[in-house]
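The next block holds one structure in the form of structure tokens; read it before the comments.
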Amino acid sequence: MANKRGSVYVAEIKTRYKEKVYTSYLLRRTYREDGKVKQQTLGNLSALPPEAIAILRAALHGQKYIPDHEALEVRRSWHHGHVAAVGAMLRRLELDRLLGPLPSDVRERLVALIIARVVAPASKLATARWWQNTTLSLVPAVGEASTDHLYEAMDHLLERQPYIERALAGRHLHEGGLVLYDLSSSYVEGRCCPLAARGYNRDGKKGKKQVNYGLVLDGEGRPISVQVYRGNTADPKTVADQAHKLKTQYHLAHVVLVGDRGMLTSARIADLRERGGIDWISALRATDIQALADAGAVSRSLFDQRDLVEIASPDYPGERLLVCRNPFLADDRARTRKELLAETERLLDSLARRVAAGRLKQTTKIGAALGRILHRFKVGKHFECEVSEGHFAYKRRDDRIQHEAALDGIYIVRTSVPTTDLSAAATVSTYKSLQHAEQAFRNLKSVDLRLRPLRHWTARRVRAHIFLCMLAYYVQWHLRQTWAPYLFEDQHPGQHVDDSVVRPALRSASALAKAHTKRTPDGEDVHSFATLLAHLSSVVHNEVVVPAHPEIAPFAMITTPDSLQSKLFHLV
């Protein structure tokens, strides 16, 4: 008796022919006939795509096929990778706990503001719009925040500033350690800010008012604190405030303060002596170097065999003077002076032709035109000019030019730190560490964090905004250190031409290799910090639903990170 019902399945048949293996897929049916199991081939499926064969095989096992567009639907997507990485570093640094001891809406908004400042710096209104497309908005306190909420958070941040700065100082400053200090400024939009004033303009924005802010960093360049001043405050006047903080707020009995020559003037150093407990490393101004040279304490003959000489002078009691000569700097200054003198002479010749042609006759007008020329390139002291009614003549002052050129490439580092604590070479290297402050200001003010322009109207909001940017730089600094293998960063700095700390720094072999190949040793692309964050942003958080099964609640699916993204996430 035959039983023709049986079952249908897909059979995979492999055959070997001349060292090659061929695979065929056959649609077969099994059935019983007269007590025996038999097979019947219904068709050859080998020409079908593998996906179609897999679907047919699954259907024969009782699975239901649902088209892709019906099986899963991505309802909404948010950029996730970059904000997740920055947020992970922020929490690893326990900065969230410094913003507030307990979880709160204000703390969540401040965390989001710092992350946004690192990832996509913008105004507070633009920031609140931007993070609606990131997973920051999935935090209710952030996603529902208005600009008023953000300003309230900034006010709270300003109240927490002393506590946060003390905590950072406790982490990174220690007795006898280095403290870097420098001052910069940023221009202000509008006329309502009481801190805005006209002063020494560092942004090249003529006619704009500005605010000044002093930044304290540890010896490696981590930001510790920032203080905001009116825009016309002179650099040296801010030193006393920082000395007071170090002694009374951070409770440091002894530190070494490193500041530039315009900051640590002789008057400020005298004040530090009176306070006690603060040594210093700075440099002499050009006029002070010239005075030492005129007194015979400094001359080129000192550098016949070396480029670093330690001297003492009664004009600087209790200090070591480290005289350095960089031949590369000397060549650069000589070349620059030659170019500026030639350009100034070209303008003076033009003025002389105008006067000779009678187009400029009055003494006052000739003098005004001459003043503009001499002021333009700051080399007017090297020319002797004669001005009278309808007459103008000039000549170079070669004696002054040669007098100045004799000191080309020479700079003098001054310090109160004894030789037993810091050698001459180490002192010069420490003074050069002020480049960390310069790098901090570049990151704060340029495309990285965009501290400027300042658009806040009240003093407290300006202070809060600048402090917020400083905290963002604190996070960014640690991210750069952590991700250095994948950035165009030199992971092994410290080498100099001819192994002399006075000479220019050299890039390490690993940094040169990254710059040349644009690849890391493990085969990943090398990035700038901005493009690395952009690459991380392609890791997306998706909200997914199953239309065919509405009873299944929406769930999250996050893009699988690629090789580089996985490594970056692992590092933080």
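Here are some notes:
- Phi-based couplings in Hz for the range 34-42 (Karplus 6.51, -1.76, 1.60; Gly and Pro marked x): 6, x, 10, 7, 10, 10, 10, 7, 8
- Using a probe radius of 1.4 angstrom, the carbon and sulfur fraction of the accessible surface of the chain is 52%.
- For Cα Rg over 2.2 N^0.38 Å, calculated from these coordinates, the label among [x] 1.08; [y] 1.02; [z] 1.43: [z]
- Residues in the chain average 52 Å² of solvent-accessible surface per residue, probe 1.4 Å, ligands and nucleic acids excluded.
- Straight-distance crosslink candidates among lysines, where the alpha carbon sits under 17 Å from Lys338 and sequence neighbours closer than 8 are dropped: Lys378, Lys381, Lys395
- Projecting the Cα atoms of Leu454, Thr415, Gln476 onto the dipole axis of the range 394-479, where Lys and Arg carry +1 and Asp and Glu carry -1 at the beta carbon, places Leu454 farthest toward the positive end.
- Listed peptides 239-248, 84-93 by packing density, highest first (mean Cβ within 10 Å): 84-93, 239-248
- For Arg397, the residues 5 or more places off, or on other chains, whose built amide H falls under 5 Å of its own are Phe383, Glu384.
- Farthest towards the positive end of the charge dipole of the range 92-212, among the residues Thr134, Ala122, Gly170, is the Cα of Ala122, using unit charges on the Cβ of Lys, Arg, Asp and Glu.
- The chain, relative contact order [Cα under 8 Å, separation at least 6], %: 17
- Stretchable slack from Asp349 to Ala509, in nm (0.36 nm times residue separation minus alpha-carbon distance): 52.6 nm
- Two-site label geometry, Thr419 and Tyr9: point separation in nm, points 7 Å out along Cα→Cβ: 9.2
- 222 nm mean residue ellipticity, helices alone, for the chain (DSSP H n ≥ 4; -39,500 (n - 2.57); rounded to 500): -12500 deg cm²/dmol
- Between the C-alpha center of the range 336-396 and that of the range 503-537 there is a gap of 49 Å.
- Förster radius 35 Å - calculated FRET efficiency between Tyr151 and Phe377, Cβ distance, rounded to 0.05: 0.15
- Applying the Karplus relation 6.51 cos²θ - 1.76 cosθ + 1.60 with θ = phi - 60° to the range 72-80 yields 3J(HN,Hα) values of 9, 9, 7, 7, 7, 10, 10, 5, 9 Hz, where x marks Gly and Pro.
- Taking all C-alpha pairs of the range 269-372, those more than 16 Å from each other amount to 73 percent.
- Distance (nanometres) between label positions extended 7 Å along Cα→Cβ at Ala406 and Gln249: 4.7
- Summing Cβ point charges (Lys, Arg +1; Asp, Glu -1) relative to the Cα centre of the chain gives a dipole of roughly 1680 debye.
- Full extension of the chain segment joining Glu73 with Glu543 gains 168.4 nm, where the gain is 0.36 nm per residue of separation less the Cα-Cα distance.
- Anisotropy class of the range 143-263 from Cα gyration tensor, a/c 1.5 cut: oblate
- The relative contact order of the range 430-526 comes to 16 percent, based on Cα pairs under 8 Å that sit 6 or more residues apart.
- Three-way shape call for the range 117-199 based on the alpha-carbon gyration tensor, with the a/c threshold at 1.5: oblate
- Modelled spin-label separation between Lys518 and Gln362, with each label point placed 7 Å from Cα along the Cα-to-Cβ direction: 6.1 nm.
- At R0 = 51 Å, FRET efficiency that the Cβ-Cβ distance of Ser301 and Asn133 yields, to 0.05: 0.15
- Listed peptides 518-530, 249-261, 112-124 appear in the order 112-124, 249-261, 518-530 once ranked by packing, highest mean of other Cβ atoms within 10 Å at the front.
- Label-reachable residues, the range 20-34, where backbone N falls under 18 Å from a point 7 Å from Leu48's Cα toward its Cβ: 23-30
- Shape category assigned to the range 13-75 from the gyration tensor of Cα positions, a/c cut at 1.5: oblate
- Available extension along the chain between Glu144 and Asp398 is 84.4 nm, counting 0.36 nm per residue and deducting the alpha carbon span.
- Under 18 Å of direct C-alpha separation, and excluding same-chain neighbours fewer than eight residues apart, Lys209 reaches these lysines: Lys445.
- Basic side chains Lys and Arg get +1 at the Cβ, acidic Asp and Glu get -1 at the Cβ, and with that the dipole of the range 295-420 about its Cα centre reaches some 700 debye.
The values are calculated or read from the model by the stated rules, or taken from the named source; none is laboratory data. As the structure is a computational prediction, the values presented were derived from the model and not from experiment. Quick reminder, even Gly has a Cβ in these numbers, built from the backbone with ideal geometry, and neighbours come from all protein chains shown. For accessibility, only protein heavy atoms count, side chains too; no ligands or nucleic acids. Shrake-Rupley method; radii C 1.70, N 1.55, O 1.52, S 1.80 Å.
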